[in-house]
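Laboratory data are not the source of any read-out in this text; all were calculated from the coordinates shown. In this text the structure is predicted, and so the values were computed from the model without any measurement. Note that each Cβ is placed from the backbone with ideal geometry, even for glycine, and that neighbours are counted across all protein chains shown.
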Amino acid sequence: MGTYTLEEAFDLFCRGVSPYGPYWDHVLGYYKASLEMPDKVLFLKYEEMKERPIEQLKILADFSGCPFSEDEVADGGINDIVRLCSFDNLSKLEVNMTGKFRLAETKSFFRKGEVGDWVNHLTPQMIERIDCITGEKFHASGLKL
């Protein structure tokens with residue numbers, strides 16, 4: 001895949017053209033797997049991770065079989081992990097500010113890290129289109145994004 005305008009990339013995305021396959025099928029497959037095999041597949045949402053990072057980290061630790069001890073929670077270790085893994089911290093690391101991954105500069109993987117920032121980049125027509133597709137794809141599953 002070459003370089004595309006936002007509009008071209010958006011259209012391809014909506015049509016399911018991606019090196020990784022259709023986004024909605026990918027998400028829905030993992031969502032269903034998380035319901036069928038909750039001990040094997042953990043389904044997290046970025047918005048929830050941003051809103052409640054400590055709670056989500058505890059869920060991840062439990063799922064991984066490495067729950068936090070009462071001492072680790074009490075001494076603030078969980079807060080340190082949240083801080084070290086925060087978007088703000090990771091986006092400022094030298095390794096994430098230089099170099100390339102395939103065709104893109106690594107710094108392009110980090111924008112603002114804000115939930116809902118996409119509204120500043122998409123037109124109202126794009127938003128309507130993606131909302132419609134998302135509703136069609138996820139409606140029967142009960143998945144809400």
Query - Residue-averaged [θ]222 nm for the chain, counting only DSSP H segments that reach four residues, each worth -39500 (n - 2.57) - result: -14500 deg cm²/dmol
Query raised in the report: What distance in nm separates the simple spin-label points at residue 44 and residue 129, each placed 7 Å from Cα in the Cβ direction?
Result: 3.2
Query raised in the report: Fewest first, what order do 58, 112 take by the number of other Cβ atoms within 10 Å?
Result: 112, 58
Query raised in the report: Anyone know which of 20, 30, 46 comes out most mobile in the 10 Å Cα GNM of the chain?
Result: 20
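Could you list 126, 97 so that the one with the fewest beta carbons within 10 Å of its beta carbon is first and the one with the most is last?
Numbers: 126 18, 97 12.
Lowest count first: 97, 126.
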Query raised in the report: For Cα extents along the principal axes in Å, which listed value, (i) 71, 36, 28; (ii) 69, 36, 20; (iii) 51, 41, 27, comes from the coordinates shown?
Result: (iii)
